[in-house]
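Take a look at the structure set out below.
Derivation of every value follows stated rules applied to the coordinates shown; laboratory data play no part. The structure presented is a predicted model; accordingly, all values stated were derived computationally and were not measured. Virtual Cβ from ideal backbone geometry, glycine too; neighbours counted across all protein chains shown.
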Amino acid sequence: MKNILSETDRILLDQRIAETEAQTRAQIVLATVRRSDNYAEILLKAFAFGTSLTGFARLFLSGIRRETETLKEHEASTTNQTDAANRTNHELNSYSG
């Protein structure tokens, strides 16, 4: 099999690795390959992530919308009750006075 690195490149890399190993007390292993993976699954993962994010956003926003509508209904109900109580008080005051 044909070498990917020239002898000069290999020696230079061996020296750099030895220097780094001495400084870090770690072992470094260099592997060279002609071609790495083309990562075809990245498009699928990006699509899945985008779909999940969109679904979560829709769920979250629909919850906020429902919460807002519930608050508006509660405020309208409270306002109607307050208006009815005020009318009753006014009628009672005008009837007794």
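What the table below lists for this structure:
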{"quantity": "Any hit, region 40-56, residues being among the hydroxyl-bearing types (Ser, Thr, Tyr) and under 21 Å from residue 5 (Cα atoms)", "calculated": "no"}
{"quantity": "Where residue 13 falls short, out of the listed (1) assigned to a helix (DSSP H, G or I); (2) free of Cβ contacts under 8 Å to residues at least 12 places away in the same chain", "calculated": "(2)"}
{"quantity": "Scan of region 26-58 for residues that are hydrophobic (A, V, I, L, M, F, W, C) and either in contact with a helix residue (DSSP H, G or I) (Cβ under 9 Å, 6 or more places away or on another chain) or surrounded by 10 or more Cβ atoms within 10 Å (Cβ to Cβ) (or both), ordered by number", "calculated": "26, 28, 29, 30, 42, 46, 47, 48, 49, 53, 56, 57"}
{"quantity": "Criterion violated by residue 14 - all others in (1) surrounded by 10 or more Cβ atoms within 10 Å (Cβ to Cβ); (2) within 27 Å of the chain's Cα centre (by Cα) satisfied", "calculated": "(2)"}
